[in-house]
Every structure is written in structure tokens, then in C-alpha cells.
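Undergrad: Below are the C-alpha cells for one structure; questions will follow.
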Amino acid sequence: MFRPLKILIGTKCPPTRCCSAFVSRMRFSNLQYVNRLKEDDEACAAALQNAHIFLFHRLSPLLQRTEHRTLRPTALVCSGTEPQNHRTTEESVLIGCSEENQAQFCLDVGKNILNPGSSLSWWPETLNVPVLQDPSPYEPDLCFLLQGQALLRWNQTSGFCSTTGQPTHRNRAGSQRVCSSSGIIYYPKMSPVVIVLVSDGKRCLLGRQSSFPRGMYSALAGFCDMGETLEETLRREVAEEVGLEVHSVSYSSSQHWPFPHSSFMMAFHASVSPAHTQVSCQLEDARWFSLEEITSALQVKTPPRRGDPPVVWLPPKHAIGNRLITEWADRQRRSSLSDTTEEDV
Ligand SMILES: NC(=O)C1=CN([C@@H]2O[C@H](COP(=O)(O)OP(=O)(O)OC[C@H]3O[C@@H](n4cnc5c(N)ncnc54)[C@H](OP(=O)(O)O)[C@@H]3O)[C@@H](O)[C@H]2O)C=CC1
Ligand SMILES: [Mg+2]
């Protein structure tokens, strides 16, 4: 539902009358407020005085276990009355804003300040601000933590201009950096990656790299080379990694993935001819899985530990690889159901 914001009083267009709900949200809601904070350092500094600041330690989000045994992020609540720590004002990065127009930032308290493994318990007291007690609005969707991690990492690793070698300085929001000598502006970067679930009509093909957790198999993935289209990357990666030629490519969805350095994952389904399914593997392993095998692998919630019997483990729910596999399994179930119904008729 559209919510008029204080900051937008005076806007000429009555959004609910002339725009769709989506357009209203994009043009008049708090997303526009966030864009303003990215462009206006003073407004951003003022927003930080009343913000929620989500804490990270050396790029890992600081999570707390709730009484329901789920994990939730830890945030500092700034109420505008306490003096702010220098690092909070200089190093917090803006990630968004709540429905109530409260800005949300991330801050890495581990960078250059704590020894590895040292306790974080002193941090809120030092800042003299309370820790968010009920972050329930954030629990269902932790995507903003992935976004925060990627932005923190980009700021931590972009301290120098790649043209002049001189230091870069960030704006208050941490959404861009400018070279102190040449004025070149840098924005956060993502590497495009194609991820594809190959099927032969009855089975799907999953691979594993030696760097994967024990037992984990996923859809095939690879970075786009300079100048390649997504379709070319997809065909090349499948040919390189498993020696197969795909046809009938269809798009599924996309996801930002912060590991190892902000990838933009675009996910596809593709099929190979049932007559040409012989895998020639460049990975640690790649093999075909039946619907039954996928169904039981989807039930496995954690990777097997050393000494456990071998078991296949698939990427967790929030990973786009899981989404592709789930979509494929649903489609297979639907088609075998309709086959059965046709036979009955
Ligand atoms: N969300 C999900 O469900 C999944 C996400 N992924 C992600 O997809 C991405 C790609 O998968 P992966 O199979 O590793 O890719 P590739 O098959 O392309 O192999 C990775 C190798 O490609 C080289 N490379 C080329 N361009 C880049 C670049 N821009 N950034 C980093 N490395 C590059 C690196 O080689 P070198 O180091 O030798 O230079 C790297 O080791 C990874 O980030 C992975 O985390 C993968 C599977 C599931
Ligand atoms: Mg790969």
C-alpha cells in the first residue's frame, strides 16, 4: 500500500490516482528517499542519527539466536540523542530504509579494530546506544544483509583509484567513491554469472567442485567472459564443464550473490537430447539425478559431517541453485501427474 512520506509533501502528482502501486512505490515511496540519501551527504548524516545500524564483524553479519531458535541480525538503534562514535558516522553504509522511513545502515565493527575472535559484547556499551530488541520485520528476508555485506566489502577493497593509484573517498552513504586526484567516480560492481540446470527430460544434471561443502551438488555455473551474451556463456560453460551441447534454453530468475565478490546470478533451465547425455567432467564430479533422488536430497538440511554416510546435499533455500532444482522437480511431478491422468482416461 502506498504511504505518503513527510519528505514528499509538496509532490505534485497524487500518486494513487495516476500511477500503478508499483510505479508509486518506485517514484514516491521510501525508495526515492534512499536515492536522495545517496546523493545528499548532509541528509544522509542526519538520517544516520535516527537509524538502525546492522552490525558485521569482518564481513560476517552479527546474528543472535532467538527464543524460537531462529537467527536474527543485530542492530544498533540510534535515537538522535547520543553522540555518535566517529567510526559509526564515517564507515556505516546505507542499505535501505524501513516503511516508516527509518534509514538502515551496515557497519563492520571487526575491521582493524578487534583481534580475530575477540568478544563484541563491549561494542553497544561503548556506543552508548541500545541494541535492537525486536528486529522481527527483518527476519523473513535477510537479503538486505547480503546487500550490506557486498557494499561493505566493496568499500573495504576500493580504497585506491585503479587509474591514478591515489586514495578514493566515499560519499556518506558509501554508494560511490571518488578519486582524490582525478575525480573519477567508482560505483559498486557485480560480475555477471550464468547458472543453469540441464535436463534430459527425465533427469537433471548437477555438479560439484572440490571447494563445495562435503556432499554438496549444484546446478552448473560460470562467469561471463567480456563480450559474451548470456546464451553464449551458458553454452560454453556447459560444454567446458560437462562436455554437453544444450538446446531449448529458458530463463528462470536472478539473484545477487555476494560470494566471493558480488556476482549477479542469472538462472536458466536448458535441455539436452536424451540421445546425448554422456558426461565428460571437468569438475570434481557431475552426474544425472532422478526425480526421486532430488526429492530426497531436498529433505537434507545440513551438509553431512566427517564420518557420516555419504549423502547428497543441495544448495540452501535462499540460493538460486535451490530454486532451479525445486522448479525442475515441481515441473517433473506435474508432468508425471498429467501422464498418469491421461493413462487413467
Ligand atoms: N547462488 C547459488 O545457488 C550458486 C552460486 N554460485 C556462484 O556462482 C559463481 C560462479 O561459479 P563458478 O562455478 O565458481 O564459476 P566458473 O565456473 O566461472 O569458475 C570460477 C573461476 O573462474 C575464474 N573467473 C573468471 N571470471 C571471474 C570473476 N569475474 N570473478 C571471479 N572469478 C572469475 C576464476 O578463476 P581463477 O581464480 O583461476 O582466475 C574462478 O576460480 C561463484 O561466485 C559461485 O559462488 C555457484 C553455484 C550456485
Ligand atoms: Mg563453474
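The values are calculated or read from the model by the stated rules, or taken from the named source; none is laboratory data. Everything numeric here is computed off the predicted structure, so don't read it as measured data. Backbone-built Cβ (ideal geometry, glycine too); neighbour counts: all protein chains shown. Accessible surface is based on the protein model in full, side chains and every heavy atom, while ligands, DNA and RNA are left aside. Shrake-Rupley method; radii C 1.70, N 1.55, O 1.52, S 1.80 Å.
Undergrad: Given a Förster radius of 35 Å and the C-beta distance between Arg305 and Ala21 as r, what FRET efficiency does 1/(1 + (r/R0)^6) yield to the nearest 0.05?
TA: Efficiency, rounded to the nearest 0.05: 0.15.
Undergrad: Here is a further query. Pop the C-beta distance of Cys143 and Val77 into the FRET formula with R0 = 25 Å and round what comes out to the nearest 0.05.
TA: 0.75
Undergrad: Something else now. Give, in nm to one decimal, the length gained when the segment between Met190 and Glu293 is fully stretched (0.36 nm per residue of separation minus the Cα-Cα distance).
TA: 33.7 nm
Undergrad: Using amide H atoms built 1.01 Å from N in the peptide plane, name the residues 5+ places from Trp313, or on other chains, whose amide H lies under 5 Å from its own.
TA: Answer set, sorted by chain and number: Met216, Tyr217.
Undergrad: A further question follows. In the neighborhood of Phe160, defined by Cβ-to-Cβ distances under 14 Å, what is the net charge if each Lys or Arg adds +1 and each Asp or Glu adds -1?
TA: Combined, the nearby Lys, Arg, Asp and Glu give +2.
Undergrad: So how much accessible area does Thr74 have, in Å² to the nearest 10, using a 1.4 Å probe?
TA: 10 Å²
Undergrad: Taking θ as phi - 60°, what are the ³J(HN,Hα) couplings along the stretch 276-290 by the Karplus curve (6.51, -1.76, 1.60), each to the nearest whole Hz, with x for Gly and Pro?
TA: Along the stretch 276-290, the couplings run 10, 10, 5, 8, 10, 9, 9, 9, 5, 7, 8, 7, 7, 10, 7 Hz.
Undergrad: With a cut-off of at most 13 other beta carbons within 10 Å, and DSSP calling the residue loop, which chymotrypsin sites (Phe, Trp or Tyr not before Pro) in the stretch 233-287 qualify? Please list them.
TA: Of the chymotrypsin sites (Phe, Trp or Tyr not before Pro), not one in the loops of the stretch 233-287 has a Cβ with at most 13 other Cβ atoms within 10 Å.
Undergrad: Something else now. May I ask you to evaluate 6.51 cos²θ - 1.76 cosθ + 1.60, the Karplus curve with θ = phi - 60°, for each residue of the stretch 47-53 and list the ³J(HN,Hα) values in order in whole Hz, giving x for glycine and proline?
TA: These are the phi-based 3J(HN,Hα) values: 5, 5, 5, 10, 9, 9, 10 Hz.
Undergrad: Follow-up. Within the stretch 219-312, list the trypsin sites (Lys or Arg not before Pro) lying in a DSSP loop whose Cβ has at most 10 other Cβ atoms in a 10 Å radius.
TA: Lys301, Arg305, Arg306
Undergrad: In addition: Between Ser250 and Ala45, take the C-beta separation as r, use R0 = 51 Å, and let me know the FRET efficiency to the nearest 0.05.
TA: It comes to 0.60.
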